[in-house]
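For reference, the structure discussed in these notes is given below.
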Amino acid sequence: MMDGVSNPKALPLAALHAELGAKFVPFAGWSMPVQYGLGVMGEHNWTRAHAGLFDVSHMGQVLLPGDADAALEALVPVDVLGLAEGRQRYGFFTNDTGGVLDDLMIARAPDGLFLVVNAACRDADISHLRAHVEGVHVVTNRALLALQGPEAEAVLAALIPDAAAMRFMDSQRHGWAGAELWISRSGYTGEDGFEISLPEAAADAFARAVLADDRVEPIGLGARDSLRLEAGLPLYGQEMTPDISPVEAGQAWAIGKVRRDGGDRAGGFPGAEEILGHIANGAPRRRVGLRPEGRAPMRAGVEVFTSEDAHTPIGTVTSGGFGPSVGGPVALALIDAATPPDARLFGEVRGKRLAVTQTPLPFTPHDYNR
Amino acid sequence: MKFTEDHEWLVADGDVITVGITQHASEQLGDVVFVELPELETQVAKGDEIVVIESVKAASDITAPLDGEIVEVNEALVNKPALVNEDPTGDAWFFKIKVEDPTSIDDFLTEDEYKDHIGE
């Protein structure tokens with residue numbers, strides 16, 4: 001990882017990003033476009049109103065053979081066996097103490113399982129998979145793009161008409177100009193949209209074809225973060241870590257019924273006792289949305305208190321910033337679960353206790369094509 | 001107009017100096033979403049962090065360029081932080097500071113020297 005900071009890898013579409021006026025930052029070992037000409041706020045608002053194209057080729061893509069379901073189920077609390085062909089599920093690798101090693105997408109492809117993992121965890125995930133699953137194939141020659149926003153369907157359907165019929169979390173293979181695209185109807189913005197894995201050799205032509213549509217702008221990592229924050233979506237390393245259980249992170253919904261107490265394949269994943277215990281008996285902490293009452297953003301690390309003079313914090317902001325669609329600051333925090341859900345809380349910013357309201361998530365309603 | 005190496009601009013009117021941030025600084029910050037101004041009639045020392053600016057990217061400070069007393073602040077920025085991006089060297093001034101020795105402003109960078117400083 002340190003090597004990555006000093007000498008970050010270039011994305012397959014780096015030249016296109018430079019041509020589009022991207023500013024680059026090192027992220028998880030890659031040189032990533034953080035913003036283009038519209039700026040973070042402009043890109044954020046464009047994605048909520050039209051369609052944004054994100055290059056997320058830094059993420060890890062992995063194929064598992066058709067008989068790997070049971071082996072993968074031993075690593076994730078997800079109902080993998082029950083995943084139908086053409087469908088995708090969200091999940092996470094857990095550790096022995098009930099924390100999370102990474103979160104991932106699991107899709108049922110015609111010939112096995114297709115996984116997408118976080119760039120920062122990619123190498124560790126691959127080692128973890130190889131230690132427990134036979135036939136792990138790391139995909140190294142495909143780019144990954146996301147097209148997100150209310151006009152994403154119309155834009156993609158102009159190139160691939162069959163994509164319009166896909167529902168949220170469908171995962172299908174479609175041809176475009178002789179290339180095979182692995183498309184899922186999902187994303188990380190709270191908007192309708194698609195994530196598209198495609199051969200690197202076809203990526204430049206495909207991205208240009210998408211960008212040729214007036215409804216599309218390129219969107220960088222900056223807006224990707226503010227969009228996911230408003231959508232209440234956890235970021236691995238912030239809301240989910242090896243020390244936070246998925247139940248505390250508000251992600252218990254992803255734990256299949258069949259993997260819970262009383263299910264046919266209950267448990268059998270690392271940390272099952274702790275995680276299922278949190279479901280049965282409650283977790284010590286919970287993830288909440290916070291709306292600061294003033295204008296000052298509260299960023300990760302801000303301590304949260306129950307009063308202006310309380311001595312001990314009851315939690316910490318895990319992600320925070322300005323929500324352009326909300327029109328004010330928003331934050332996610334991990335707090336003591338005993339805190340009353342309607343309690344007004346205080347975040348300490350530059351030595352001042354500023355009032356915050358606990359707010360149901362997401363801050364901005366999801367617009368998935370369910 | 002004079003400039004500091006910290007990307008502030010200064011304009012003197014008698015012994016009162018108006019302070020803002022440069023176009024270059026506003027572009028580097030990105031969209032500004034929050035501004036906290038100093039209190040009126042406070043005595044500040046050169047180098048004190050007296051303004052907080054938060055953009056969509058990060059928090060940063062403006063420091064007092066000289067010793068003096070804050071005699072006016074631009075409340076419009078509190079309600080409309082985006083002014084900092086729209087008109088950094090005009091409407092988006094931050095504060096006015098009354099100084100002992102107005103000639104001390106002469107020690108700051110000229111526009112050409114500032115352009116050299118930012119590599120333009």
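Within the stretch B:11-36, the residues that satisfy the criterion of being surrounded by fewer than 19 Cβ atoms within 10 Å (Cβ to Cβ) and either touching a Phe, Trp or Tyr at 6+ places or on another chain (Cβ under 6 Å) or assigned to a loop (DSSP other than H, G, I, E, B) (or both) are B:G14, B:D15, B:T18.
Restricting the stretch A:166-178 to residues that are in contact with a Phe, Trp or Tyr (Cβ under 7 Å, 6 or more places away or on another chain) and among the hydrophobic types (A, V, I, L, M, F, W, C) leaves a set whose member that is surrounded by the most Cβ atoms within 10 Å (Cβ to Cβ) is A:W176. Looking across the stretch B:28-50, the residues that are farther than 22 Å from A:G294 by Cβ and either free of Cβ contacts under 8 Å to residues at least 40 places away in the same chain or in contact with a Leu (Cβ under 6 Å, 6 or more places away or on another chain) (or both) come down to B:Q28, B:E41, B:Q43, B:A45, B:K46, B:G47, B:D48. A:E274 falls short on exactly one of the conditions (1) within 14 Å of chain B (Cβ to nearest Cβ); (2) buried (at least 16 other Cβ atoms within 10 Å of the Cβ), and that condition is (1). For the condition aromatic (F, W, Y), touching a residue at least 12 places away in the same chain (Cβ under 8 Å) and within 14 Å of chain B (Cβ to nearest Cβ), what is the one hit in A:F54, A:F27? Answer to the selection: A:F27.
Yes or no, residue by residue, for (1) at pLDDT 95 or above; (2) outside any strand (DSSP E or B); (3) in contact with a Leu (Cβ under 8 Å, 6 or more places away or on another chain):
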{"position": "A:P150", "(1), (2), (3)": "yes, yes, no"}
{"position": "A:A158", "(1), (2), (3)": "yes, yes, no"}
{"position": "A:H174", "(1), (2), (3)": "yes, no, yes"}
{"position": "A:W182", "(1), (2), (3)": "yes, no, yes"}
{"position": "A:S186", "(1), (2), (3)": "yes, yes, no"}
{"position": "A:G190", "(1), (2), (3)": "yes, yes, yes"}
{"position": "A:E195", "(1), (2), (3)": "yes, no, yes"}
{"position": "A:L198", "(1), (2), (3)": "yes, no, yes"}
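With A:R265, A:R285 as the choices, which residue is modelled with pLDDT of 95 or more, over 22 Å from the mean Cα position of the chain (by Cα) and basic (K, R)? Spell out the reasoning first.
Values: A:R285 fails: over 22 Å from the mean Cα position of the chain (by Cα).
Just one listed residue meets the conditions, A:R265.
Consider the stretch A:289-322 and keep the residues that are assigned to a strand (DSSP E or B), in contact (Cβ under 8 Å) with a residue 24 or more places away in the chain and within 16 Å of A:P234 (Cβ to Cβ). The one that is farthest from the other protein chains (Cβ to nearest Cβ) is A:G315. Filter the stretch B:48-59 down to residues that are within 12 Å of chain A (Cβ to nearest Cβ) and out of contact with any Phe, Trp or Tyr (no Cβ under 9 Å at 6 or more places or on another chain) and give me whichever is nearest to B:E36 (Cα to Cα). Here the residue is B:E49. Checking each residue in the stretch A:356-370 for being surrounded by fewer than 15 Cβ atoms within 10 Å (Cβ to Cβ) and either within 20 Å of A:G294 (Cα to Cα) or at pLDDT below 95 (or both) picks out A:T357, A:P360, A:R370.
Condition check ((1) under 19 Å from A:G323 (Cα atoms); (2) under 15 Å from the mean Cα position of the chain (by Cα); (3) loosely packed, with under 13 Cβ neighbours inside 10 Å; (4) in contact (Cβ under 8 Å) with a residue 12 or more places away in the chain) across all residues:
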residue: B:I53; (1), (2), (3), (4): yes, yes, no, yes
residue: B:S60; (1), (2), (3), (4): yes, yes, no, yes
residue: B:N79; (1), (2), (3), (4): yes, no, yes, no
residue: B:S104; (1), (2), (3), (4): no, no, no, yes
residue: B:L109; (1), (2), (3), (4): no, yes, no, yes
residue: B:D112; (1), (2), (3), (4): no, no, yes, no
residue: B:H117; (1), (2), (3), (4): no, no, no, yes
residue: B:E120; (1), (2), (3), (4): no, no, yes, yes
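Pairing each residue of the stretch A:161-175 that is closer than 12 Å to A:D192 by Cα with any residue that is among the aromatic types (F, W, Y) and surrounded by 13 or more Cβ atoms within 10 Å (Cβ to Cβ), provided the two are 6+ apart or on different chains, yields C-beta distances under 6 Å for A:F168/A:Y368. Is one or more of the residues making up the stretch A:241-257 surrounded by fewer than 24 Cβ atoms within 10 Å (Cβ to Cβ), in contact with a Cys (Cβ under 9 Å, 6 or more places away or on another chain) and not in a loop (DSSP other than H, G, I, E, B)? Within the stretch A:241-257, none of the residues are surrounded by fewer than 24 Cβ atoms within 10 Å (Cβ to Cβ), in contact with a Cys (Cβ under 9 Å, 6 or more places away or on another chain) and not in a loop (DSSP other than H, G, I, E, B).
The values are calculated or read from the model by the stated rules, or taken from the named source; none is laboratory data. Quick caveat: nothing in here was measured; it's all calculated off a predicted structure. Glycine gets a Cβ as well: all are built from the backbone with ideal geometry, and neighbour counts include every protein chain shown.
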